[in-house]
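S.K.: Before I ask anything, let me first share the structure, which is written out below as structure tokens.
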Amino acid sequence: MTGTRAKSRPPRRRHSLAQRPGARARWLPPARCASSNNNWNLWRGNCTWLPRLCNRRIKERVMSELQTVTSDHAAPQAALVSELRIIFGQVLGVEPAQVAIDVNFLEMGAESLLLMQASRRIEERFGHKVPFRLLIDQLVTVGALADYLVQQGVALEPPADELAGARPPAPTPGPLQAISSTVYDEGTPGTMGMETTSAARFDGSGEGPIGIEDVARVLPADLASASDVERIVARQLQLMAQQLELLRGGGQRPTKPSRPVRAASTVGAESTPEKAQDKQDKLKDEFVAYHPVQKGRPGGLSERQYRHLQDLISRLCERTQGSKQYAQDYRPYLADNRAVAGFRLAWKELCYLPVVARGDGSRIWDVDGNEYVDLTMGFGALFFGHTPAFIIDALAQEIQLGMRLGPQSAMAGQVAQLLCELTGTDRAVFCNSGTEAVMAALRVARAVTGRHRVAMFPGSFHGTFDGTLVRGEVTADGQLEAAPMAPGVTPNMVKDVLLLPYDSPESIEIVRAHGPELAAVLLEPTRSRSPNMQPVDFLRGLREATQDSDTALIFDEVVTGFRMHPGGAQALFGVMADLVTYGKAITGGIPIGVVAGKRRYMDALDGGMWQYGDDSYPEAELTFFAGTFCKHPLAMSAAWAVLNYLKDEGPALQERLGERTVQLAAQLNDYFKAEDVPMQIVHFGSLFRFLPEPGFRFMDIFFFHLLEKGIYIWEGRNCFLGTAHTEEDLDLFVQAVQESVADMRAGGFFPSASASDERGTAQASRTFPLTEAQKHLWIVTQLSEEASVAYNQSLTLEIRGPLDLAALRAALQQVVDRHEALRTTFGPDGDCQVVFPLRPLDVELLDFSDLPEEARQARLDAWMAQEIRRPFDLVQGPLVRVHVVKLGPAEHHLVLTLHHLVTDGKSIGTILGETRALYADQVTGQPIELPPPVPFSAYVDWLSHPQQQEAAQAARAYWLERFAGPSSALPFLELPTDHPRRPLQTFAGSRERATLPAALRQALRQVGAQRGCTLYVTLLAAFQALLHRLTGQEDVIVGVPVAGQLAMGADHLVGYCLNVLP
């Protein structure tokens, strides 16, 4: 529920500090040691945790029971009771002596998450698993649990010490005196708010912020006389109990419905769960033609890198001011998407194309007179350079004959005949571009086969036809689905696309299984954006599979055709397609597109062969194809010249260019390896491109350096060698690459060649995919800077007493070293997360102590409001900021700010607990052994495990069944607001807090316990009843946060493991 904030600063919350959200405890200051060395005194006895129970009646009952425990229980039970009190004391954050024997766990404040922890600790301690559901339904007290364990054969010797002197409930604490904490939230209550409320006060006052004020009574035991609202709450409690039963594994697993019929755009064959992650890993590296403009503010550069970039921008703008002015002058009139390709605010001033005045051979000159070696070469079309004499002469002769549009071109027939001779095809048709050629080929295949579906592969480029502008999405069950790539492409345009993994045996089997449904299989034989892959066996397998099902195999060779071999991929790989599309190089720079192929398919364009003077006629069923500029006389003339040239030269021409490319790539790759530059050159024939290592994010800056040094490479980054390139050109190119590397190294973008430790760090960085929850959150952060800032999490700890800043910094650095999530950044496209083995943590000290006392808090509040709104650079990182604010000699605030993508509420508790322990280690010198941390990558692997995939599928099926109904739309909450909902989502939010009296809170616990529900579930049911009362809606869906650490059984796991359950 969004709205305007009541105050200008973020909402401020004060609560007792717990070791993790949900733990009922507060940190109290220890007594100072009077010794001369001024060291901290250890906390006295077992008084680390000194909460008071929420109800005086329970406290009195506990103290009475302490006097009779040994007489009430035999020795085995007494020993078990003692151990169980220790366990539940640790879980609840209280002294063992304060754990009542015969009071319901739920009444003592044990929520479901705490009971799950207790269940695991019981299994670890006694070697016997107590199902979580039993702690809610049957074994609801320490006494009942002890009796159950005795019945199961679990026995312990009676404790040697008195109960009050039993083992402490937590590791020996250090002297970090955090007396309270303040949480600042920037965002909607639906995001941050759900987590921070889990750390509510439990300080013995009997009062605390529950967060709801509409519950004013306890439900009567007799619901027959209850009100409508009370009955609704009761029904909600029953539903919550059933859902909780599902979560904890009790009862019958909901029946998994039969596999639903998937949309036409999905893979039809079953895909095993263990392959889902593999598909996602492969898909994240695939080329996608369309990317939205990156509107985020620049950031993440060091001061050294920033100065370097600004100097480069200044030099390039000065060098190309004519091109920049051209872009500015004509932007109001010329809509040119290339002008914003790769747009980043960090180099906004360089987002314009060089305006070329002339070209000759392999060189171009811009309007400012700058000369460049052209490696773009018309995106591959200028195979013979900018001024090939044999093409220019043919065009000069043709233009003298007039435009001659309308009648038949005098050269179209002979060009088609020669093209078919070179490529081994039967017939050909001409159009104006590669996009038109692909569109025509698909139309022909569908017309001939009478089918609609088409199989394609991610990472390929097939022009700008809506029906091919698809991107891949991997579903939870491992299916690869086709989705519209760009705004304006409707789902209906791609619903018949079957998207399959490239170069995968699985894809061949899917084509076999679904061949009768497929009109065509469309692919680049070698993908122009992945030239290092030439999957000959894959192509042969597809050819066999499509032949068996009478499906058209279409090779898209618009980019590679005639550049690698006169006969194209068909001749090079020995695989004959049914249809082939060509373009670019076939005319040396004049617009053209070609569809060529077998007679059976090509006859659909004109009816096939027939003769004059007999009764023959166009027998083949026709589809429609036309274009004003098809068979343009200039295009036919240029094609005739080029095809004859290629025929005369033979395959040796392409082989020579390919060999030169191999040598160039080898030379530069040897240099990159020797200099520890995180990139390489990959190639196919005379096409090559730079391939950076995962996580390297400065390739655009590298290409700007090349441009400054006279090398032009377009924003799509494919490079082409042609017959016009000389050895001098290649030498200049190599020199420019090496100088650019040196310049970027000086600017801090590449590690120093002599800095082996930096090289080791760069080489040891690891990447792995995002979880589904992280992907959803990452997408939200891309909406705007405001959206990303809404997921900043900030926690402030007030520290009273002298502070050893060096010890605190060392402790925090150890925490960062332990948990890889705190050393993580994210790929620019959100396709991966990068973990660095080392990440120094900067703990900045801000000293406000010299300000007048009345001004300190105002200065702190102002700074805090600014800090929580300061955005993180998700790509560059770090995603953790730590400050220590000094307000006085013995008063400090420790401020931690993290992005939600790398943490959650439980993780913050883990960070605080470990910081406390490690600080004590630093100050006292007493070693503290913490449990080994669980890497976040292990959590990602755990989620992709087949067992978890199966569980996720079952849960998904369960919720789909729950939400199934006459309408496919989920209910929309219509709150009776006094103003209309804003059309655009904002991220402003606030909270309202209310305090429930202790008696009412305890009564609520009892009501929930009677129905096997925790206080949280009870209040959630009441909240849903309130929503029903406000809206009158029968169906209300509320999302609740669930910690993934508990599901995995990993207490010492830091990361974004939160999931939202309806």
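The values are calculated or read from the model by the stated rules, or taken from the named source; none is laboratory data. Computed from a predicted structure; not experimentally measured. Glycine also receives a Cβ, built like all others from the backbone with ideal geometry; neighbour counts cover every protein chain displayed.
S.K.: Which is assigned to a strand (DSSP E or B), modelled with pLDDT under 95, surrounded by 21 or more Cβ atoms within 10 Å (Cβ to Cβ) and not polar (S, T, N, Q), of LEU522, LEU498, LEU553?
M.R.: Result: LEU498 is the single residue among LEU522, LEU498, LEU553 that is assigned to a strand (DSSP E or B), modelled with pLDDT under 95, surrounded by 21 or more Cβ atoms within 10 Å (Cβ to Cβ) and not polar (S, T, N, Q).
S.K.: From (1) touching a strand residue (DSSP E or B) at 6+ places or on another chain (Cβ under 6 Å); (2) in contact (Cβ under 8 Å) with a residue 40 or more places away in the chain; (3) surrounded by 24 or more Cβ atoms within 10 Å (Cβ to Cβ), pick out the condition that doesn't hold for CYS630.
M.R.: Only one criterion in (1) touching a strand residue (DSSP E or B) at 6+ places or on another chain (Cβ under 6 Å); (2) in contact (Cβ under 8 Å) with a residue 40 or more places away in the chain; (3) surrounded by 24 or more Cβ atoms within 10 Å (Cβ to Cβ) is unmet by CYS630, namely (3).
S.K.: Checking the condition within 21 Å of THR825 (Cβ to Cβ), not assigned by TED's automatic domain parsing to the domain that holds ASP1051 and not in a loop (DSSP other than H, G, I, E, B), which residue from VAL895, VAL875, VAL923, VAL882 passes?
M.R.: So the residue among VAL895, VAL875, VAL923, VAL882 that is within 21 Å of THR825 (Cβ to Cβ), not assigned by TED's automatic domain parsing to the domain that holds ASP1051 and not in a loop (DSSP other than H, G, I, E, B) is VAL882.
S.K.: Where in the range 944-1062 are there helices (runs of 4 or more DSSP H), lying wholly inside it, with at least 3 residues that are under 28 Å from the mean Cα position of the chain (by Cα) and closer than 30 Å to GLU107 by Cβ?
M.R.: 1044-1048
S.K.: On the given criteria, is ASP904 modelled with pLDDT of 80 or more, within 28 Å of the chain's Cα centre (by Cα), under 17 Å from GLU820 (Cβ atoms) and surrounded by fewer than 20 Cβ atoms within 10 Å (Cβ to Cβ)?
M.R.: Answer is no for this residue.
S.K.: Here are some conditions: (1) in contact with a strand residue (DSSP E or B) (Cβ under 9 Å, 6 or more places away or on another chain); (2) over 20 Å from ARG800 (Cβ atoms); (3) crowded, with 21+ Cβ neighbours inside 10 Å; (4) not basic (Lys, Arg). VAL885 meets all but one. Which one does it not meet?
M.R.: (2)
S.K.: If we scan the range 636-645, do we find a residue that is under 48 Å from the mean Cα position of the chain (by Cα), under 17 Å from LEU382 (Cα atoms), assigned to a helix (DSSP H, G or I) and among the β-branched types (Val, Ile, Thr)?
M.R.: Residues of the range 636-645 that are under 48 Å from the mean Cα position of the chain (by Cα), as a first pass: 638-639, 642-643.
This time we only want the ones that are under 17 Å from LEU382 (Cα atoms), so: 638-639, 642-643.
Adding the requirement that they be assigned to a helix (DSSP H, G or I) leaves 638-639, 642-643.
Checking which are among the β-branched types (Val, Ile, Thr) leaves us with 642.
Yes; the residues of the range 636-645 include at least one that is under 48 Å from the mean Cα position of the chain (by Cα), under 17 Å from LEU382 (Cα atoms), assigned to a helix (DSSP H, G or I) and among the β-branched types (Val, Ile, Thr).
S.K.: Let me ask something else. Only one of these conditions is not met by ASN492: (1) assigned to a helix (DSSP H, G or I); (2) touching a residue at least 12 places away in the same chain (Cβ under 8 Å). Which number is it?
M.R.: (2)
S.K.: For LEU930, are the conditions met, namely being touching a helix residue (DSSP H, G or I) at 6+ places or on another chain (Cβ under 8 Å), surrounded by 15 or more Cβ atoms within 10 Å (Cβ to Cβ), in a loop (DSSP other than H, G, I, E, B) and in contact (Cβ under 8 Å) with a residue 60 or more places away in the chain? Even if it seems obvious, please write down each step before you answer.
M.R.: Values: touching a helix residue (DSSP H, G or I) at 6+ places or on another chain (Cβ under 8 Å): yes; surrounded by 15 or more Cβ atoms within 10 Å (Cβ to Cβ): yes; in a loop (DSSP other than H, G, I, E, B): yes; in contact (Cβ under 8 Å) with a residue 60 or more places away in the chain: yes.
In short, yes.
S.K.: For ALA410, are the conditions met, namely being more than 30 Å from ARG527 (Cα to Cα), of a type in the set (A, V, I, L, M, F, W, C) and either surrounded by 21 or more Cβ atoms within 10 Å (Cβ to Cβ) or free of Cβ contacts under 8 Å to residues at least 24 places away in the same chain (or both)?
M.R.: no
S.K.: Among (1) of a type in the set (A, V, I, L, M, F, W, C); (2) over 20 Å from ALA596 (Cα atoms); (3) crowded, with 20+ Cβ neighbours inside 10 Å, where does ALA428 come up short?
M.R.: For ALA428, the exception is condition (2).
S.K.: OK, next. Consider TYR372 against the criteria (1) touching a residue at least 40 places away in the same chain (Cβ under 8 Å); (2) at negative phi; (3) assigned to a loop (DSSP other than H, G, I, E, B): it satisfies all of them except one. Which criterion is unmet?
M.R.: Exception for TYR372: condition (3).
S.K.: Would you list the helices (runs of 4 or more DSSP H) that sit entirely within the range 112-154 and hold 2 or more residues that are within 22 Å of ALA97 (Cα to Cα) and over 44 Å from the mean Cα position of the chain (by Cα)? Break it down stepwise before answering.
M.R.: Values: elements: 112-126, 132-137, 142-151.
Per the criteria, 142-151.
S.K.: Taking the criterion of being in contact with a Pro (Cβ under 6 Å, 6 or more places away or on another chain), under 30 Å from ASP873 (Cβ atoms) and not in a loop (DSSP other than H, G, I, E, B), would at least one residue in the range 329-346 satisfy it?
M.R.: Within the range 329-346, one or more residues are in contact with a Pro (Cβ under 6 Å, 6 or more places away or on another chain), under 30 Å from ASP873 (Cβ atoms) and not in a loop (DSSP other than H, G, I, E, B).
S.K.: In this structure, is PHE562 in a strand (DSSP E or B) and either within 21 Å of LEU422 (Cβ to Cβ) or touching a Ser or Thr at 6+ places or on another chain (Cβ under 9 Å) (or both)? I'd like the intermediate steps shown before the answer.
M.R.: On the way: in a strand (DSSP E or B): no; either within 21 Å of LEU422 (Cβ to Cβ) or touching a Ser or Thr at 6+ places or on another chain (Cβ under 9 Å) (or both): yes.
Taking the combined requirement at face value, the residue does not satisfy it.
S.K.: Sort through THR1014, THR1031 and tell me the only one that's surrounded by 14 or more Cβ atoms within 10 Å (Cβ to Cβ), closer than 30 Å to GLU914 by Cα and touching an Asp or Glu at 6+ places or on another chain (Cβ under 6 Å). Spell out how you get there, then give the answer.
M.R.: Working: THR1031 fails: closer than 30 Å to GLU914 by Cα.
Sole residue among the options that is surrounded by 14 or more Cβ atoms within 10 Å (Cβ to Cβ), closer than 30 Å to GLU914 by Cα and touching an Asp or Glu at 6+ places or on another chain (Cβ under 6 Å): THR1014.
S.K.: Counting only residues that are aliphatic (A, V, I, L, M) and surrounded by 12 or more Cβ atoms within 10 Å (Cβ to Cβ), which one in the range 294-334 is modelled with the lowest pLDDT?
M.R.: Start the filter on the range 294-334 by keeping residues that are aliphatic (A, V, I, L, M), which leaves 301, 309, 312-313, 316, 327, 334.
Narrowing the set further to residues that are surrounded by 12 or more Cβ atoms within 10 Å (Cβ to Cβ) leaves 301, 309, 312-313, 316, 327.
Working: LEU301: 65, LEU309: 91, LEU312: 94, ILE313: 94, LEU316: 95, ALA327: 94.
The residue in question is LEU301.
S.K.: Considering each residue of the range 383-403, count those that are within 43 Å of the chain's Cα centre (by Cα) and at pLDDT below 95, and give that number.
M.R.: So the count comes out to 0.
S.K.: Sort out which residues of the range 394-428 are of a type in the set (Val, Ile, Thr) and in a helix (DSSP H, G or I), and write them in order of number. Steps first, answer last, please.
M.R.: Of the range 394-428, the ones of a type in the set (Val, Ile, Thr) are 399, 415, 423, 425.
The answer is ILE399, VAL415, THR423.
S.K.: Here are PHE383, PHE379: which of them is part of a loop (DSSP other than H, G, I, E, B) and either outside the structural domain of LEU732 (by TED's automatic domain parsing) or in contact with a helix residue (DSSP H, G or I) (Cβ under 8 Å, 6 or more places away or on another chain) (or both)? Show your work before the answer.
M.R.: On the way: PHE379 fails: part of a loop (DSSP other than H, G, I, E, B).
On inspection, the qualifying residue turns out to be PHE383.
S.K.: Could you tell me whether any residue of the range 574-588 is surrounded by fewer than 21 Cβ atoms within 10 Å (Cβ to Cβ), in contact with a Leu (Cβ under 7 Å, 6 or more places away or on another chain) and not assigned by TED's automatic domain parsing to the domain that holds GLY685?
M.R.: yes
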